[in-house]
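As structure tokens, the structure follows; a few thoughts come after it.
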Amino acid sequence: MNTFKDHFSGHATTYAAARPHYPESLFEWIASQCKSHSLAWDAGCGNGQASLALTDYFDRVFASDPSASQIASAEPHGSITYAVEPAEHCSLADNSADCVCVAQALHWFDFARFFAEAKRVLKPDGVLFAWTYEKSSVNQDVDVVFEKLYRGTLDDHWPPERKHVESAYRDIVFPFTEIESPHFELRCDWTLSQYLAYLRSWSASQRYLKATGIDAVAVIEDDMRQAWGKPEETHSVIWPLTVRAGRFT
């Protein structure tokens with residue numbers, strides 16, 4: 001059964017350019033929880049952002065995504081093997097991976113099938129890491145306009161899976177012994193054009209455009225310009241990052 005819901009292939013290049021980068025401290029912590037560092041599987045890798053970061057800590061990285069367009073936009077690396085395949089059906093051998101990482105993608109998966117596959121692929125002492133981030137914050141003025149877009153114009157256009165992101169994955173039942181994770185956050189110093197590109201990369205923005213022919217971000221762009229200040233001025237954009245991790249028993 002194909003459960004792949006493709007919200008990003010149509011703008012894979014834009015998506016790759018507009019996504020915030022994960023903190024190095026996240027990958028340092030991931031590596032510290034693994035007993036060996038031969039192979040990491042990045043499931044639902046998208047454009048390979050997390051895959052590249054994992055190469056600093058693991059000998060090999062297997063990066064899979066069901067979207068051929070996303071894989072095509074990923075940066076090649078000698079330690080990474082990219083594969084177009086669903087997370088629920090991985091071509092890796094049994095007991096082969098030291099860790100399985102899922103970066104902002106778990107909410108798209110069939111949970112039962114993926115967890116069974118992760119358990120099969122992981123070594124007996126391997127660890128599963130799944131992380132997510134939801135709404136960014138800049139400052140009070142910008143955040144007010146942000147909410148007009150997020151909860152106003154786009155409210156009916158978010159995929160239903162978004163609810164898992166909004167709950168920071170707390171509503172997902174994890175079938176393993178959890179490991180407590182430190183606090184992490186994403187931080188980008190962006191100009192207005194970079195911030196607007198990020199808003200346009202949202203799945204809801206793309207769904208709204210497809211349904212109406214209207215760029216939802218353009219609707220709030222004048223208000224955002226007024227809230228932002230000088231367009232070339234940079235502001236810190238911050239996202240709280242939630243990690244759920246554990247070992248299967």
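Starting from 0.36 nm per residue, how many nanometres of slack lie between residue 28 and residue 177 once their C-alpha separation is accounted for? Extra length from residue 28 to residue 177 when fully extended: 51.6 nm.
Quick one: angle between helix 203-212 and the longest Cα principal axis of the chain, in degrees between 0 and 90, rounded to 10, please. So the helix axis and the longest Cα principal axis differ by about 50 degrees.
The calculated FRET efficiency for the pair residue 151 and residue 68, based on their C-beta separation and a Förster distance of 41 Å, comes to about 0.80. Fully extending the segment from residue 249 to residue 77 would add 58.6 nm, taking 0.36 nm per residue of separation and subtracting the current Cα-Cα distance.
The label-point distance for residue 144 and residue 223, in a model that sets each label 7 Å from Cα toward Cβ, rounds to 1.0 nm.
Over the chain, dividing the summed -39,500 (n - 2.57) contributions of all DSSP H runs of at least 4 residues by the number of residues returns a 222 nm mean residue ellipticity of -9000 deg cm²/dmol. Could you check what % of the DSSP bridge pairs in the chain are antiparallel, to the nearest 5? About 45 percent, rounded to the nearest 5. Both radii come from the Cα set of region 9-247: Rg as radius of gyration, Rh as Kirkwood radius; their ratio Rg/Rh reads 0.98.
Counting every alpha-carbon pair across region 84-216, the share separated by more than 27 Å comes to 34%. For the chain, the relative contact order is 22 percent, taking Cα pairs closer than 8 Å that sit 6 or more residues apart in sequence and dividing their mean separation by the residue count.
Taking only the C-alpha atoms, wrap a convex hull around region 179-249 and report its volume per residue in Å³ as a whole number. Kindly include the intermediate steps, with their values, before the conclusion.
Values: hull volume 7.7 nm³, N = 71.
Roughly 108 Å³ of hull volume per residue.
Scaled against the 2.2 N^0.38 Å expected of a compact globular protein of N residues, the Cα radius of gyration of region 128-193 reads 1.39. If you average the C-alpha positions of region 191-211 and of region 89-158 separately, how far apart do those two centres end up, in angstrom? Result: 19 Å between the Cα centres.
In this structure, residue 210 and residue 234 have a Cβ-Cβ separation that, at R0 = 30 Å, corresponds to a calculated FRET efficiency of about 0.45.
Mean sequence separation of contacting Cα pairs (under 8 Å, at least six apart), scaled by the length of region 67-126, corresponds to a relative contact order of 41 percent.
Quick note: the coordinates plus some simple rules give every number you see, no bench work behind them. Model, not experiment: these values are computed from the prediction. Positions of Cβ are backbone-derived with ideal geometry, glycine not excepted, and every protein chain shown enters the neighbour counts.
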